[in-house]
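J.: Next up is a structure, given as C-alpha cells.
The values are calculated or read from the model by the stated rules, or taken from the named source; none is laboratory data. Remember, predicted model here, so these are calculated numbers, not experimental data. As a convention, Cβ positions derive from the backbone with ideal geometry for all residues, glycine included, and neighbour counts pool all protein chains shown. Accessible surface areas use protein heavy atoms only, side chains included; no ligands, DNA or RNA. Shrake-Rupley method; radii C 1.70, N 1.55, O 1.52, S 1.80 Å.
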Amino acid sequence: MTKTKDRITSKEVMEAIKKYITDEDDFLKIKNAYLFAKEKHAGQVRKTGEDYISHPLNVVKILTGVYADVPTLEAAFLHDILEQDCNCTADDLEREFGREVTSLVLGVTKLSNIHFSTENEYLIDYYKKIIVGMSEDVRVIIIKLADSLHNMRTLWALPKERQKAKANEALEILAPIADHLGIHKIKSELEDLALRYLKGEVFYDIAEKLNKSKLERNATVNEMLQEVSNLLNKHEINHEIKGRAKSIYSIYNKLNKGKKFSDIYDLLALRIIVNTEQECYLALGIIHSKFRPLPKRFKDYIAMPKPNMYQSLHTTVFGIDGYLFEIQIRTHEMDEVAENGIASHWAYKEQRDAKEAMKSTTEQKLQFFKAIMELSNEKLSNEEFVNSVKEEVLNNNIYVFTPKGDVIELPRGATPIDFAYKVHSKVGETTVGAIVNNCIVPLNYELQNNDIVKINTNKNSTPSKEWINFVKTAGARNRIKSFFTKNEREVYIERGKYLTEKALRKKKIPFNELFSPENTKIIFDELKIKKLDDLYLNIGNGKTSINTVIHIIYKPEEKIVKKKAPVKIDNNADIIVSGIDNVKVSLANCCNPIFGDDIIGYITKGSGITVHRSNCHNLATLDDRTIEVSWNEKSAKKYVSNLIIYSNTRDNNMVDLVQKISMQDINIERINMVFQREVAVYEVTIYVSGLKQLNNLLLQLDKISYIDKVERLIR
Ligand code: MN
C-alpha cells in the first residue's frame, strides 16, 4: 500500500479557512484554537510518523470543504485534546473557548471513547451516543465524520487487525450516517477507503479495469458532453456540464448484485447544472427529444426529494455510438445539497443561522433521525435495538411512494402493513388490503423499490395478530402488539361504552332515561363535553366514573358510614388500612395512585390489598370487595405517575419537555413519542412526591404553547 504522507501545512489550512471566514475576529478565534491545540499536542507523534497536530489540521481542512462554521472549526482543532494525554480539562477549554465549542469537543470525545467492535454491547453504546449526539447538535457528528475520514486516509499506518476493524466501522456505521445526512462527498470516500482495506483485491481489480477503459471512456464522454452542451446552448440554457466518475465502491456494489463490468452502463455519466428548477425540466425535455430515453430509468427527485434532501433529475439515454449515458440534471443549490447534505446549510445560509437551520432539518426532514428516535423510544431489548438500527436505518432501505407521491423509506423486505403503519398507526390498524402498482397484493407481499402503494382501510377493522409474524419494522410490530395490550382512543371509547351499559344494567337504569335529550344536555354541560364518544372516552380512560355521571341526574343516597375501627399507624407504610395492620398493601399499576389522591383499597384473592385511585375504571369491573384506606401523612416516598401529553404539532419537542419537567425537580423514568392524528403525543413516566407536586407540574405544562392537554394515564 502506498505510504503517501499528506504533508499538510498550517498555512494551507488557514488559507482554506480565510476563503469563506471573512470576519477577522472569527478568523482569530479559529487560529487561537489551532495554536492552543498545537501547544497541547506538542511532542505527540502519530503512527504515520507525523506530528500529531497534522491530524486536526487535516480534519479542519476536510470541514472547510463543507464550509463548516466557526465553532465547528474551533472544535475540530481541539477535538482530540481531552482524549489524548494533553494535560487539559473541559474546564480549561470552556474558560478559553466558551461553552459552545467545549460542548462540541465533549460530544466528539464521547463518541471516540467507544471502540468499535462487532460485539453488540459496544454497538448499542455507539448508536445511542450517536443518537444523543444528533439530538444535541448534529455538528458533533459532522466533526466525527471528518475525523474518521482522515483516520481512514492514514489507515496504512495501523496494524492489519486494527485496519479491518476501522474499515468495518467506516463502512457499517459512519458511511451510512454520512449518507443519511446527505454528505455524499464524505460517504463516498469512506466507502472507497474501507473497500480498499477490507477487499483489497477487488478494489484494485476494479481500479485497474477503470483505468484501462478510461481513455476510451473519456473520449466517448467528452464527445457526448460536447453534443449535449451545444444542444443546451442552442436553447440558451446557461449550464455547467461535467463527466462524472462513479466511485469504486458503487461499482463493486453493482458487480456484487451480479452485473458484469461491461454492463454497468452508468459508468458513462454526465451531470448538468443549471440555474433554476424550471431549466432542469427544460433541459431534460431538450435532451429527451434528441436522445431516446431508456424506459423506466427516469426519476424525478426534484418533485419527490429523497428523505436525505437529495434533489435531481435522473435519466438514462441512448447516447452517441449507442452507449448508454446516465444523466443527472440539477440546480447549483441542489448540487450543493447533493454533495454536502445537511452541511449545505453552512454554504447557503448566513453562517450564524445555519446552526438552527441544521437543527430543524435534522429534526424535521431527516426520516433517518426520526427513525432512530422512534427506535430508541420503542421498548426494545438492546439486541433488538441494534438489529433494528442496522436493518431499518443504516442498510438496504427501499423507497416507495404513496399514491400522492410522498416518499416513504422502509427496510428491505417491508410489507404493505409496515408501509401502512409508517404512514399512520391508524392507517395500519384499519388496513384491510393493499394495492401495489394497481395490482391487489397479499398483505405479506414484499415491497420493491419505487412501488406505488395504496392501502385500503375499513374503520371497523382491527389488526390481526398474524401480522406480527411477517412485518419487518419494529415500529409496526410494536404497535400491532400494543394494539392488543395498550389503550388507544378507540379502545377507551369501546370500554367506556361497555362499562356504561354494564353499570346501567346493574343499576336497572334504562339508557334512554339517563340519556334523554334534556339529561344529556345537563350531563354534557356539567362535564364540559360535546358528544357521547367524549363521555365514553372519559369513562374508558378513567377521567370520569360512570357513577359520577349517574349522580349528576340521580342524586346519591346517603351512604351508610361503617363504623371505623381504631387505626394503628405503621410509620414505614405509606398506606393505612382501616382496622387492619400487617397486611400486604400495594399500589395498583393501572392507575398509579400517588400521595394525596382519593384512594380505595381492593382486597385481592391472596395477595393483600391493592390500592386504586377512587376514579379508576377497573374498580367498576371488580366485585364489591373494597375497603377504606388512607395515606400515611408521614410518607416520604416517591410515586410513579404516567402522563399522556398531547401536543398540537408534529415537531419533536422531547428535549424541551425533558428540560421543563426536570426543572420542576422531577425525575423522568421514561419518555416516548408517538404520533396520533398528525400530532406528537408523549407518554412520560415520572416520579413525584405526591399530588401537590404533580398538580404543580400540570400547571406548568399547561402554560407551554405546543401542549394541547395533559392527562394522567389509567390503563
Ligand atoms: Mn481525531
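J.: If I ask for residues that are of a type in the set (Gly, Ala, Ser) and at pLDDT below 85, which ones from region 212-256 would you list?
T.: Hits for region 212-256 are SER213, ALA219, GLY243, ALA245, SER247.
J.: Which of (1) within 16 Å of the ligand (Cβ to nearest atom); (2) open to solvent by less than 20 Å² (accessible area, probe 1.4 Å); (3) not in a helix (DSSP H, G or I) does VAL108 not meet, given it meets every other one?
T.: Result: VAL108 fails condition (3) only.
J.: May I ask you to list pairs of residues, at least six apart or on different chains, whose Cβ atoms are under 6 Å apart, with the first in region 47-74 being outside the structural domain of LYS19 (by TED's automatic domain parsing) and the second being within 16 Å of the ligand (Cβ to nearest atom)?
T.: none
J.: Could you give every pair whose Cβ atoms fall below 8 Å, whose first residue belongs to region 139-163 and is within 13 Å of the ligand (Cβ to nearest atom) and at pLDDT 90 or above, and whose second residue is assigned to a loop (DSSP other than H, G, I, E, B) and basic (Lys, Arg), counting only separations of at least 6 or pairs across chains?
T.: Correct list of pairs: THR154/ARG46; THR154/LYS47.
J.: Of the conditions (1) more than 33 Å from the chain's Cα centre (by Cα); (2) at pLDDT 90 or above; (3) buried (at least 18 other Cβ atoms within 10 Å of the Cβ), ILE273 clears all except one; give me its number.
T.: Only one criterion in (1) more than 33 Å from the chain's Cα centre (by Cα); (2) at pLDDT 90 or above; (3) buried (at least 18 other Cβ atoms within 10 Å of the Cβ) is unmet by ILE273, namely (1).
J.: Would you pick out the residues in region 642-688 that are out of contact with any helix residue (DSSP H, G or I) (no Cβ under 7 Å at 6 or more places or on another chain) and more than 17 Å from ASP708 (Cβ to Cβ)?
T.: ASN642, VAL658, GLN659, SER662, MET663, ASP665, ASN667, GLU669, ARG670, THR685, TYR687
J.: Answer yes or no as to whether LEU78 is within 13 Å of the ligand (Cβ to nearest atom), open to solvent by less than 40 Å² (accessible area, probe 1.4 Å) and touching a residue at least 12 places away in the same chain (Cβ under 8 Å).
T.: Against the criterion (within 13 Å of the ligand (Cβ to nearest atom), open to solvent by less than 40 Å² (accessible area, probe 1.4 Å) and touching a residue at least 12 places away in the same chain (Cβ under 8 Å)), LEU78 qualifies.
J.: May I ask you to list the residues in region 81-99 that are buried (at least 18 other Cβ atoms within 10 Å of the Cβ) and either free of Cβ contacts under 8 Å to residues at least 24 places away in the same chain or under 23 Å from HIS345 (Cβ atoms) (or both)?
T.: Across region 81-99, the qualifying residues are LEU93, PHE97.
J.: Mind listing whichever residues of region 524-544 are in a helix (DSSP H, G or I) and either open to solvent by 20 Å² or more (accessible area, probe 1.4 Å) or not hydroxyl-bearing (Ser, Thr, Tyr) (or both)?
T.: Across region 524-544, the qualifying residues are PHE524, ASP525, GLU526, LEU527, LEU532, ASP533, ASP534, LEU535, LEU537, ASN538, ILE539, GLY540.
J.: Okay, next question. Out of all the residues in region 678-697, which are more than 23 Å from the chain's Cα centre (by Cα), under 15 Å from ILE668 (Cβ atoms) and surrounded by fewer than 17 Cβ atoms within 10 Å (Cβ to Cβ)?
T.: Selection gives TYR687 alone.
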